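Data block below; observations after.
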Amino acid sequence: MVFGSTGLVGNELVKILNSDDRYVEIKIFGRRASGFAGEKIKEIITDLNDKAVLEVEMTGGHVYCCLGTTIKKARTKEAFRKVDLEFPKRIAEVAATSGVSKMIVISSIGASTRTSNFYLKTKGEMEEALTGILKDKVYFLRPSFLLGNRSESRPGEQAGKILMKFAGPLFRGKMKKYRAIEAHTVAKAMVEIAKKDFAGKHVFESDELVEIVKS
């Protein structure tokens with residue numbers, strides 16, 4: 001089950017799952033058609049406000065949550081929290097009663113309930129809420145600056161990508177987690193985390209995602 005398939009990581013994730021023979025069905029949940037097609041693809045069109053739809057359609061082993069927006073796109077803090085906190089909570093609540101074995105969630109580097117930064121605090125609250133619901137069945141990925149081709153234009157982000165690519169080698173030791181990371185790498189790490197046992201580890205920083213894909 002994939003939520004957020006039209007985003008940068010979600011788009012890469014569906015491609016990987018579609019070519020993975022271990023998955024016999026991929027359920028894509030979204031407000032509009034994703035554009036993906038194939039024998040394994042099943043699309044469920046929903047705005048996620050209807051919990052009953054989730055309770056009927058959320059059957060399977062793994063849930064991949066790639067939901068996320070920006071303040072600029074959401075326009076209000078309330079709308080932002082709905083996408084980045086309330087929707088993941090709703091998905092987790094249904095997952096907890098539907099036999100899901102793992103829920104893999106995209107969070108953010110720096111996520112914490114103790115920060116004054118609204119974006120990072122919301123991500124921290126999301127992690128805390130989902131852990132309370134799913135306990136040891138939920139896993140969080142905290143990627144740094146994402147590299148890849150978005151469907152939407154973000155001029156400022158394009159400049160940031162160039163800067164982060166050149167600055168990457170300067171981040172060493174404990175700072176390695178701040179290096180920019182390819183969306184494809186994050187998506188591949190999600191699948192690896194779903195497949196393997198990581199001995200009780202449930203939060204993965206950006207540099208750890210790179211190592212997971214390499215191993």
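Computed from the Cβ-Cβ distance with R0 of 45 Å, the FRET efficiency linking Asp20 to Ile71 stands at 0.85.
The aspartates and glutamates whose alpha-carbon is closer than 19 Å to the alpha-carbon of Lys51, local same-chain residues fewer than 8 away aside, are Glu43, Asp84, Glu86, Glu93.
Apply the a/c threshold of 1.5 to the C-alpha gyration tensor of the chain and tell me whether it is rounded, prolate or oblate. Rounded, because the longest to shortest axis ratio a/c is under 1.5.
Listed peptides 122-129, 18-25, 138-145 appear in the order 138-145, 122-129, 18-25 once ranked by packing, highest mean of other Cβ atoms within 10 Å at the front.
Estimate the FRET efficiency between Ile45 and Glu128 by the formula 1/(1 + (r/R0)^6), using the beta-carbon distance for r and 41 Å for R0, to the nearest 0.05. Working shown, then result.
Values: r = 30 Å, r/R0 = 0.74.
After rounding to 0.05, the efficiency reads 0.85.
Grab the Cα-Cα distance for Asp136 and Ala96, subtract it from 0.36 nm times how many residues apart they are, and report the gain in nm with one decimal. That works out to 13.3 nm of additional length. Measure up Lys123/Lys177; Lys42/Lys214; Lys40/Lys123; Lys15/Lys72 against 20 Å on the Cα-Cα distance and list the ones that go over. In this structure, Lys42/Lys214; Lys40/Lys123; Lys15/Lys72 exceed 20 Å between Cα atoms. Just Thr131, Thr185, Thr97 to compare: in a GNM of the chain, with alpha carbon springs under 10 Å, which one fluctuates most? With Cα springs under 10 Å in the chain, the top fluctuation among Thr131, Thr185, Thr97 is at Thr97. Taking Ile181, Ile44, Ile28 in turn, the Gaussian network model of the chain (Cα-Cα springs below 10 Å) assigns the largest fluctuation to Ile44. Hey, which lysines would be in cross-link range of Lys137, C-alpha to C-alpha under 17 Å, not counting anything within fewer than 8 residues on its own chain? Hits, sequence-local ones excluded: Lys89, Lys102, Lys195, Lys196, Lys201.
Rule-based calculations on the coordinates, nothing more; no lab input. All of these numbers come straight from a predicted model, not from anything done at the bench. As a convention, Cβ positions derive from the backbone with ideal geometry for all residues, glycine included, and neighbour counts pool all protein chains shown.
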